[in-house]
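Heads up: the structure comes next, in structure tokens.
Quick note: the coordinates plus some simple rules give every number you see, no bench work behind them. Predicted, not measured: the structure shown is a model, and the values here were computed from it. Heads up, the Cβs are rebuilt from the backbone with ideal geometry, glycines too, and the neighbour counts pull from every protein chain shown.
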Amino acid sequence: MARSAYCPEVGPGPVGRALGAAIVADVQRGRLTAGERLPGSRTLATRLSIARGTVTSVLETLVAEGWLERRASQGTFVCGSLPIGPLPAAEHGGGLGFALHPGPESRRLHTPRDVRFALVGGKPDLRLLPLADLARAYGRVLRGRGRRLVDYGPPGGTDRLKRSLANWLADTRGIRPVVGGILVTRGSQQALYLCARAVLRPGDRVAVEALGYPPAWEAMRSMGAELVPIAVDDDGMAVESIPDDVRAVYLTPHHQYPTGASLSAERRLRLLTWAAKNRVAIFEDDYDHEYHYDGPPRLPLAAHDKAGVVVSLGTLSKAFAPGLRLGWVVASPEFIALLVRWRTVMDRQGDQVVEHAVAELLDDGTLARHLRRTLQTYRERRDVLMALVAAKLPGLTVLPRPGGLALWCAAEGTDVDAWAERCLAAGVYFETASSYTLDRSAQPFVRLGFAGHTPAELTEAVGILADCYEALPTNRNNV
Ligand SMILES: Cc1ncc(COP(=O)(O)O)c(C=O)c1O
């Protein structure tokens with residue numbers, strides 16, 4: 001048998017891995033052909049100036065993987081059955097042979113980094129979190145039953161947290177979930193997605209608030225639903241305009257997102273009566289129930305629903321911390337059971353350690369104390385920001401709202417998007433109405449979040465807002 005002159009070109013990196021890759025590459029591009037004999041390990045080692053043991057081990061691996069084969073007392077050969085030849089390269093730049101679904105619309109998901117002041121409406125001040133309490137609860141939970149909790153667990157959430165949540169919801173919202181009527185999710189976004197999955201078919205129509213909450217819209221759209229925009233005003237969603245042919249209504253009645261308006265009692269009753277008659281699902285997103293400054297929070301629609309049409313969604317993203325990803329759905333046990341089945345094919349279950357730790361904070365009053373403290377703090381910050389806007393930004397009118405974590409301000413005649421851009425360049429971020437319209441069209445409104453900053457920070461931020469406002473071209477009637 002002719003002596004093989006083959007010598008692989010070994011690239012950089014750990015020599016064993018590089019030698020294996022070089023031999024495989026030579027097989028793939030036809031430099032080594034099917035059935036060809038390789039030099040012996042001693043020869044290869046000498047040619048490459050590497051240890052023979054390394055060569056032997058690489059050859060063994062390639063035999064095990066099916067690239068090479070050993071023939072008794074003959075040596076090592078390229079496997080005879082390999083379909084040799086270069087792997088086909090893609091003709092037009094690569095990729096799949098079919099078009100991917102374009103996926104959800106991509107609006108800005110995160111506040112831009114490196115801004116000095118992010119006046120976002122949706123985030124609490126995480127500097128105020130009782131992190132030491134959370135750490136203690138984690139520690140207790142992990143030491144106590146950690147091994148069990150890092151195992152697979154119930155996809156609908158731990159009984160421990162479901163019990164605590166049920167008590168808390170009864171105390172704070174007048175909602176009394178029946179056994180099996182509560183699902184713990186990773187934030188309300190997962191809850192929205194699961195609800196949309198369970199209820200909507202392609203072509204179904206869903207009434208949504210416009211202005212509204214795009215991440216919820218995208219969950220509905222991802223099921224092929226058609227969104228039916230319903231106007232909002234100072235009394236919340238104009239529910240009297242909802243057509244009868246929708247399958248579901250998604251709304252934020254407590255503090256309408258993003259305007260902060262509370263759904264009036266008349267509209268609440270009208271909506272519940274209409275939904276009960278038409279058997280339409282109401283997705284009630286009760287995302288910031290706690291932060292209500294003018295009197296006690298209003299009870300959610302779910303607390304008044306006698307027809308079983310309201311699906312109540314909640315979250316600890318504002319009340320505690322968004323990154324814990326804790327939300328829930330309260331609905332009939334049959335509906336929850338369906339959501340649980342969908343959840344098992346999605347991410348199977350939540351984080352049981354987090355669920356137990358947060359249940360401890362709910363039960364021992366830590367969360368309630370945190371909420372009392374932050375309610376007071378945010379009320380003060382709201383008042384400070386309102387006063388600052390009145391004093392420094394005469395072009396803005398703050399619309400009076402009973403709660404939430406942001407001011408909703410009219411800025412008639414102002415190109416608010418141009419203003420926001422200037423402010424961002426100067427280190428202050430806030431959102432304008434175009435972030436909340438279905439077609440991204442501009443409207444002369446801005447949302448100024450106050451929860452995340454101290455009065456001193458707010459003062460500095462508003463100074464920047466005012467400077468940028470002054471610098472806008474005088475003809476601002478381009479909205
Ligand atoms: C209207 C609305 N719903 C829900 C949420 C909370 O979402 P998650 O629980 O997924 O963090 C937010 C947060 O910004 C919101 O603004």
List the equivalent ellipsoid semi-axes of the stretch 177-231 in whole Å, largest first, each obtained as the square root of 5λ for an eigenvalue λ of the Cα gyration tensor.
-> 22, 13, 11
Under the 7 Å Cα-to-Cβ spin-label approximation, VAL345 and ARG136 lie apart by a distance in nanometres of 4.5 nm
Using θ = phi - 60° and the Karplus form 6.51 cos²θ - 1.76 cosθ + 1.60, what ³J(HN,Hα) does each residue of the stretch 194-208 get, whole Hz, x for Gly and Pro?
-> 5, 5, 4, 4, 6, 9, 9, 10, x, x, 4, 9, 10, 7, 10
Would you mind checking which residues have amide H under 5 Å from ALA406's amide H? H placed 1.01 Å from N; only 5 or more apart, or other chain.
-> PHE450
Range in the chain, longest, excluding exposed GluC sites (Glu not before Pro) [loop by DSSP; at most 14 other beta-carbon atoms within 10 Å] | 106-411
Nearest 0.05, what FRET efficiency do SER441 and SER332 give at R0 = 51 Å with Cβ-Cβ as r?
-> 0.85
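From the helices alone, meaning DSSP H stretches of at least four residues, give me the mean residue ellipticity at 222 nm for the chain, per-run term -39500 (n - 2.57), in deg cm²/dmol to the nearest 500.
The per-residue figure over the chain is -12500 deg cm²/dmol.
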Where the centroid of each part is defined by its Cα atoms, how far is the stretch 46-72 from the stretch 183-212 in Å?
-> 56 Å
Phi-based couplings in Hz for the stretch 140-157 (Karplus 6.51, -1.76, 1.60; Gly and Pro marked x) = 4, 5, 5, 5, x, 9, x, 4, 5, 7, 8, 8, 4, x, x, x, x, x
Taking the Cα centre of the chain as the origin and placing charges on Cβ (Lys, Arg +1; Asp, Glu -1), which of CYS195, LEU82, TYR250 is farthest toward the positive end of the dipole?
-> LEU82
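Compute the longest continuous run of the chain that contains no exposed chymotrypsin sites (Phe, Trp or Tyr not before Pro); treat a site as exposed when its DSSP state is not H, G, I, E or B and it has at most 13 other Cβ atoms within 10 Å.
The answer is 153-479.
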Cα gyration tensor category, rounded, prolate or oblate, for the stretch 1-56 with a/c compared to 1.5 = oblate
May I ask for the angle, rounded to the nearest 10°, between helix 265-278 and the longest principal axis of the chain, with both axes built from Cα atoms and the value confined to 0 to 90°?
-> 50 degrees
Counting only DSSP beta bridges fully inside the chain, the antiparallel percentage to nearest 5 is 55 percent
How high is the relative contact order of the chain, in percent, counting Cα pairs under 8 Å that sit 6 or more residues apart?
-> 18 percent
So, in nm, how far is label ARG70 from label GLU421 when the simple model puts each one 7 Å beyond its Cα toward the Cβ?
-> 7.0 nm
Values of log10 I(q)/I(0), in the order q = 0.07 Å⁻¹, for the chain under a Debye, Cα-only, solvent-free model = -0.54
For labels at THR46 and ARG145 in the simple 7 Å Cα→Cβ model, what's the distance in nm?
-> 6.9 nm
Once you have the Cα-Cα distance between ALA21 and GLU470, take 0.36 nm times their residue separation minus that, and quote the gain in nm to one decimal.
-> 155.3 nm
On a 0 to 90 degree scale, rounded to 10, what angle separates helix 15-28 from the longest Cα axis of the chain?
-> 80 degrees
Trypsin sites (Lys or Arg not before Pro) restricted to the stretch 341-415 and DSSP loop, no more than 14 other C-beta within 10 Å = ARG348
Straight-line reach check, LYS306, cutoff 23 Å on alpha carbons, 8 or more apart in-chain or any other chain, hits among lysines -> LYS162, LYS277
What is the distance in Å between the Cα centres of the stretch 273-306 and the stretch 372-419?
-> 25 Å
Using only Cα atoms, find the angle between the long axis of helix 52-65 and the longest principal axis of the chain, and express it within 0 to 90 degrees, rounded to the nearest 10.
-> 70 degrees
Integer Hz, Karplus 6.51/-1.76/1.60 couplings in order for the stretch 220-234, x for Gly and Pro = 5, 5, 5, 8, x, 6, 9, 8, 10, x, 10, 5, 10, 9, 5
When a/c is below 1.5 the answer is rounded, else prolate if a/b is larger than b/c, else oblate, so apply that to the stretch 233-337 with a ≥ b ≥ c taken from the square roots of the Cα gyration tensor eigenvalues.
-> oblate
